[in-house]
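**Student:** One structure is given below, represented as structure tokens, and several questions about it will come after.
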Amino acid sequence: MTSFNHYALGAVASFLHTIVAGLRPLEPGYKRFFIQPLPGGTITDASTHTITPYGKAAVSWSLSSGQLTVDFEIPPNTEAIVRLGEKEEVVGSGRYSRTVKYVAEGEWPPAPYHTQFAAPVTMETLAL
């Protein structure tokens, strides 16, 4: 059993939910929320949902052949701002599907991070 009350695990779950899958609240109770999935690296699909006081809010996306397909569900009496690429729209309750061209930023895999300018860690630098 793993507790998501531990910050390290909860932070990962929050990152996957709000950044990778792209579902995050703009107002308490998800009365208004934001949808902006973030594909990257070798991740080619993701999905998430949450049960709000108004019903289920959900996002799922897949990336194939340079096309990003996003399906999302907006509960009754709520609205979402949906940003896909350069396009942004406000949608009300219902189920939707959008497909947009996707161009990855940068190259994969990313270049290694070098700490050549950082001071080396020694016992002397760790001493307080």
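The values are calculated or read from the model by the stated rules, or taken from the named source; none is laboratory data. Fair warning: this is a prediction, and the values are worked out from it, not measured in the lab. In this analysis, Cβ positions are derived from the backbone assuming ideal geometry, glycine residues included, and neighbour counts consider all displayed protein chains. With ligands, DNA and RNA removed, areas are computed over all heavy atoms of the protein, side chains included. Shrake-Rupley method; radii C 1.70, N 1.55, O 1.52, S 1.80 Å.
**Student:** Tell me which residues, restricted to the stretch 31-59, are open to solvent by less than 40 Å² (accessible area, probe 1.4 Å) and either without any contact (Cβ under 8 Å) to a residue 24 or more places away in the chain or out of contact with any His (no Cβ under 6 Å at 6 or more places or on another chain) (or both).
**Tutor:** Residues satisfying the conditions are F33, F34, I35, P37, P39, G40, A46, T50, T52, G55, A57, V59.
**Student:** Under the condition of being part of a helix (DSSP H, G or I) and among the small types (G, A, S), which residue from the stretch 1-31 is modelled with the highest pLDDT?
**Tutor:** Of everything passing the filter in the stretch 1-31, G29 is modelled with the highest pLDDT.
**Student:** Now a separate question. Do we have A57 as outside any strand (DSSP E or B), of a type in the set (A, V, I, L, M) and more than 24 Å from G106 (Cα to Cα) here?
**Tutor:** In short, no.
**Student:** While we're on this one: Would it be correct to say that S93 is in a strand (DSSP E or B) and either open to solvent by less than 20 Å² (accessible area, probe 1.4 Å) or touching a Pro at 6+ places or on another chain (Cβ under 7 Å) (or both)?
**Tutor:** Answer is yes for this residue.
**Student:** Could you list, in sequence order, all residues of the stretch 77-90 that are surrounded by 10 or more Cβ atoms within 10 Å (Cβ to Cβ) and charged (D, E, K, R)?
**Tutor:** E79, R83, E88, E89
**Student:** Of the residues in the stretch 67-76, how many are open to solvent by 30 Å² or more (accessible area, probe 1.4 Å) and either in contact (Cβ under 8 Å) with a residue 24 or more places away in the chain or among the basic types (K, R) (or both)?
**Tutor:** 4
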